[in-house]
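Here is the structure we will look at, set down as structure tokens.
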Amino acid sequence: MERTSAFELASWPCSDKYLKDPSMVHPAFKFIVGQSSAAGLGEIFNGAEVEKPTAHAILRWRSMEAHEKFWEDQETFKKFKNMFGASAKDGVPQADLIHVSLKDEEVLPCLWAPLTEFYRVTPKEGVKSEDVHTILDKYVAYLAGLSGPVAGITYGHVIEEPEQIGVMLGWDSIETQRTTCAGEFVRGIMQEMAEIAEYETINVPLSQFREEC
């Protein structure tokens with residue numbers, strides 16, 4: 001049976017200390033998994049972006065209601081947030097957050113891959129999300145036919161902004177990603193996308209938090 005979850009994507013300008021050791025935030029993850037208000041929390045991943053000094057964390061919530069239950073526990077939430085201080089560029093943890101509805105069996109291989117690529121697609125004025133879906137479906141079919149470099153690709157709508165689409169890919173390395181994306185077919189797909197939507201690509205090697213760490 002397919003299961004769809006709310007994947008929370010958090011990003012924040014990070015400190016040099018975080019760049020050297022992204023696992024420095026694991027105590028915060030250990031704290032949250034022990035809270036009754038976070039009973040709907042599943043896997044947690046984090047890492048540092050390839051292109052710029054930005055931290056990323058991805059948390060799988062069983063549902064937005066499960067996430068909101070934790071959010072409503074303000075005392076616990078503030079403790080959790082403050083535990084990220086040393087990981088933030090200026091010592092003040094201020095993350096940009098979005099939530100994307102995705103199928104677990106499709107997105108988890110992307111997060112387990114050596115490199116995760118994510119982009120948030122915003123259709124231009126007058127463009128229907130179905131038009132973006134058509135382009136993405138061609139991209140999915142093409143990458144699914146490749147052997148080796150792609151661990152997975154999936155997309156879903158941003159819960160806060162339903163007209164926006166979150167796309168997640170898993171690659172075996174940044175080198176194979178760049179080689180594949182330099183190919184004629186992918187360049188053509190991205191050109192089609194650029195004509196009808198705005199998007200920005202993020203590349204980050206993620207590690208899954210495990211409670212025993």
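Values quoted throughout were computed directly from the atomic coordinates according to the rules given, and no laboratory measurement underlies them. Quantities reported herein were computed from a predicted structural model and do not represent experimental measurements. No Cβ is skipped: glycine too gets one built from the backbone with ideal geometry, and neighbour counts run over all protein chains shown.
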Over the chain, consider all pairs of different Cα atoms and compute the Kirkwood hydrodynamic radius from their mean reciprocal separation; express it in Å, one decimal. 17.9 Å
Please give the helix 184-196 orientation as an angle from the longest Cα principal axis of the chain, in degrees from 0 to 90, rounded to the nearest 10. 70 degrees
What is the packing order of peptides 189-195, 21-27, 168-174, taking the mean over residues of other C-beta atoms within 10 Å and listing the highest first? 168-174, 21-27, 189-195
List nothing, just return the count: lysine pairs in region 45-89, 8 or more apart or interchain, with Cα separation under 22 Å. 7
For LEU102, distant residues with modelled amide H under 5 Å away: SER5, PHE7
Mind jotting down a quarter of the surface of the convex hull over the alpha carbons of region 34-99, in square nanometres, one decimal? 4.9 nm²
Calculate I(q)/I(0) for region 62-121 by the Debye formula, one identical point scatterer on each C-alpha and no solvent, and give its log10 at q = 0.12, 0.21 Å⁻¹ to two decimals. -0.46, -1.09
The chain, Gaussian network, Cα under 10 Å: of GLY152, GLY91, GLY166, the residue fluctuating most is GLY91
On the Cα set of region 49-169, report Rg and Dmax in Å, please. 16.6, 48
Around SER129: net Lys/Arg minus Asp/Glu count, Cβ-Cβ under 14 Å: -4
Pairs of Cα atoms under 8 Å, at least six residues apart: use those to get the relative contact order of the chain, whole percent. 27 percent
What is the spread of the Cα atoms of region 1-74 along each of their three principal axes, largest first, in whole Å? 37, 27, 19
Under the Kirkwood approximation applied to all pairs of distinct alpha-carbon atoms, what is the hydrodynamic radius of region 144-213 in Å? 14.3 Å
